[in-house]
Amino acid sequence: MVVTIHSLGLQGITGYDVSVECALSGGLPAFDMVGLPDAAVKESRERVRAAIKSCRAKFPVSRITVNLAPAALRKEGTLYDLPILLGILAAQGDIDAPPSTAAFLGELSLTGSLRPITGTLPMAMAAARAGIKELYLPAENAAEATLAEGLTVYPVEDVETLLDHLHGERAIRPALPWEPESAAGPTPDFSEVMGQENVKRALEIAAAGGHNILLIGSPGAGKSMLARRLPSILPDMTRREALEATEVWSVAGKTDQKHPLLLHRPFRSPHHTVSAAALAGGGAFPRPGEISLAHNGVLFLDELPEFSKDALEVLRQPIEDGEVTINRAAGSIHLPSRFMLVCAMNPCRCGWLGHPSGRCTCTGAMVEKYVSRISGPLLDRMDLHVEVPSVEFEAMRRKETPESSAAVKARVDAARARQSERFAGTGTPCNAQMTPAMVGNFCRLNAAGERILKSAFDRMGLTARSHDRILRVARTIADLEGEADISAAHLAEAIQYRNTEILRKR
């Protein structure tokens, strides 16, 4: 007898339908598993055997064949333990075969209890798209699964409880849709940063338009402190953005029962020793890296020149395309990577070039060598280049409280609202993501603006990419001012943030 139990699988961060086919036949006892299972899937044979005996059921003394279809896709992980167990019990007549509208996921312990799995949300959303109505999975994953609409989610503690439910003896209560807690913990605020008004202005522009930004300054000037407060002025994520980001975190195993949905934009700050594979994602069986974990959020690279060349260069394509493609012998996957890139660096190796103390000991050649670690193509993809000066004593001892993040966020939200209205129906979320055609349509200049831009283009040796990025930043500055047209003042401010010579002058 052949019994089919519906389950799910993952390819990258995309879920797909998996049919677990179990057949019992005569012959010497054996337990064969086909359908491109990895080592973890193959090991489920022993977990299933022990779990069946622990729940006082009879393990069949016959030839067992389990096929995981579609057989052309590699199956990974421990999530097929539960459907395999149910398939074996149904094949030998201990239970009725579950309906085709039910799917099962879960890792088994040897005692029959269920352990949590990763990637719940994308698989639950795939189940809903495939017409599955009931999803049975470990209790710790139930809250995350309820985020997928159109499913009745059953939290399962152990096999015995599930068998009682299937026999109609003791029903499992469906999980209620997860609702976030109203109370939010304290977050870093711009009111804690004394001085640096010009940098705060640049970060406000970056947040309003989703622009990449590079901060250059001596140690202790506040670069990291300011960057870590950027999420406090970013607009709230939409439901769609939150689900997209959570799917990536779910596959990476970074969600939990109490926090199944990302409520705030992710902020990732990998150490400068991170490898290119850890940054972009990869491995023998590709998994999301830091740039995908920062999707719809911020990727902060502190001490930028200390990152390896390979790690920095891997950023170039995702910045332009909003996704990263990973090709391996096991397959090819596409991971989302639409993020704000925020970088911080010292002006030289010792860090004190241009500091009022005059303590810098670097020669011109040493400064050039240090700065040259950042390639021109990567630097060209940074929309704003901002100098972070050392903070003066008077600013540190100032009594009045600086402007709060809430006040800045209100202006950012208003600017984003104008962009949402402008780009309605195009799928473009902010000015930084405008296509060249959109730049030509929404960033028109008057005669004075044309003269200013032409002068800057010739004087600064701008590229076509820098030309468009300047116009995008100018469009954002106009949005912050509530202006429909880009004025000469807006354009001039955008151009001043494009001065790459601050990396070498002092």
- Item | Karplus (6.51, -1.76, 1.60) ³J(HN,Hα), θ = phi - 60°, over the range 56-62, in Hz, Gly and Pro reported as x | 6, 9, 9, 7, x, 9, 7
- Note on the structure: If amide H atoms are modeled at 1.01 Å from N in the peptide plane, then the residues at a separation of 5 or more from Phe339, or on another chain, having amide H under 5 Å from its own are Asn296
- Task: Go through Phe339, Phe267 and list them by solvent-accessible area, largest first, probe radius 1.4 Å.
- Result: Phe267, Phe339
- With a sphere of radius 13 Å drawn around the Cβ of Thr187, what net charge do the other residues whose Cβ falls strictly inside it have (Lys, Arg +1; Asp, Glu -1)? +1
- Message: Using a 1.4 angstrom probe on the protein heavy atoms only, could you order Met225, Met1 from most to least accessible area?
- Response: Met1, Met225
- Answer with one residue from Leu312, Phe339, Cys362: the one whose Cα lies farthest towards the positive end of the charge dipole of the range 265-381, charges on Cβ with Lys, Arg +1 and Asp, Glu -1. Cys362
- Query: Under 15 Å from a point 7 Å along the Cα-to-Cβ line of Val391: which residues of the range 223-263 have their amide N that close?
  - Reply: 223-230
- Using mean Cβ contacts within 10 Å as the protection proxy, how do 212-221, 300-309, 169-178 order, highest first? 212-221, 300-309, 169-178
- Query: Using helices alone, what [θ] at 222 nm do you get for the chain, with -39,500 (n - 2.57) per DSSP H run of 4 or more residues, divided over all residues and rounded to the nearest 500?
  - Reply: -10000 deg cm²/dmol
- Spatially proximal lysines relative to Lys53 (Cα-Cα < 20 Å; intrachain offsets below 8 disregarded): Lys42
- Per-residue HN-Hα couplings for the range 186-191 [Karplus 6.51, -1.76, 1.60; θ = phi - 60°; Hz; x = Gly/Pro]: x, 10, x, 10, 5, 5
- Run the 1.4 Å probe and let me know the accessible area of Glu76, rounded to the nearest 10 Å². 50 Å²
- Item | Charge tally in the Cβ shell below 11 Å around Met123, where Lys, Arg are +1 and Asp, Glu are -1, Met123 excluded | -2
- Among beta bridges that DSSP assigns inside the chain, antiparallel share in %, nearest 5: 50 percent
- Mind ranking Asp479, Asp236 by accessible surface for me, highest first, 1.4 Å probe? Asp236, Asp479
- Mind listing the long-range amide H neighbours of Gln92? Cut-off is under 5 Å, sequence gap 5 or more, other chains count too, H placed in the peptide plane at 1.01 Å from N. none
- Query: Amide H neighbours of Leu301 under 5 Å, counting only residues 5+ apart in sequence or on other chains, H built in-plane at 1.01 Å?
  - Reply: Val342, Cys343, Ala344
- Query: Excluding ligands and nucleic acids, what accessible area in Å² is computed for Tyr370 using a 1.4 Å probe, to the nearest 10?
  - Reply: 10 Å²
- Return the sequence-ordered ³J(HN,Hα) values of the range 312-326 in whole Hz as given by the Karplus equation 6.51 cos²θ - 1.76 cosθ + 1.60 applied to θ = phi - 60°, using x for Gly and Pro. 6, 5, 5, 7, 4, 5, x, 4, 7, 8, x, 7, 10, 10, 10
- Message: So in the chain, which Cys have no other cysteine's beta-carbon sitting under 4.7 angstrom from theirs?
- Response: Cys22, Cys55, Cys343, Cys350, Cys360, Cys430, Cys443
- Heavy-atom accessible area of Ile205 with all protein chains present, probe 1.4 Å, nearest 10 Å²? 0 Å²
- Query: Share of the range 276-362's accessible area from carbon and sulfur, percent, 1.4 Å?
  - Reply: 47 percent
- Mind checking the per residue accessible area of the range 303-365 for me, 1.4 Å probe, whole number of Å²? 46 Å²
- Task: Among DSSP beta bridges whose residues both lie in the range 37-158, state the antiparallel percentage, nearest 5.
- Result: 25 percent
- Message: Just to confirm a number: summing +1 for Lys and Arg and -1 for Asp and Glu over residues other than Phe285 whose beta-carbon lies under 9 angstrom from that of Phe285, what do you get?
- Response: +1
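The values are calculated or read from the model by the stated rules, or taken from the named source; none is laboratory data. For clarity, every value in this text was computed on a predicted model and none was experimentally measured. Neighbour counts run over all protein chains shown; Cβ positions are idealised from the backbone, glycine included. Surface accessibility is based on the protein's heavy atoms, side chains included, excluding ligands, DNA and RNA. Shrake-Rupley method; radii C 1.70, N 1.55, O 1.52, S 1.80 Å.
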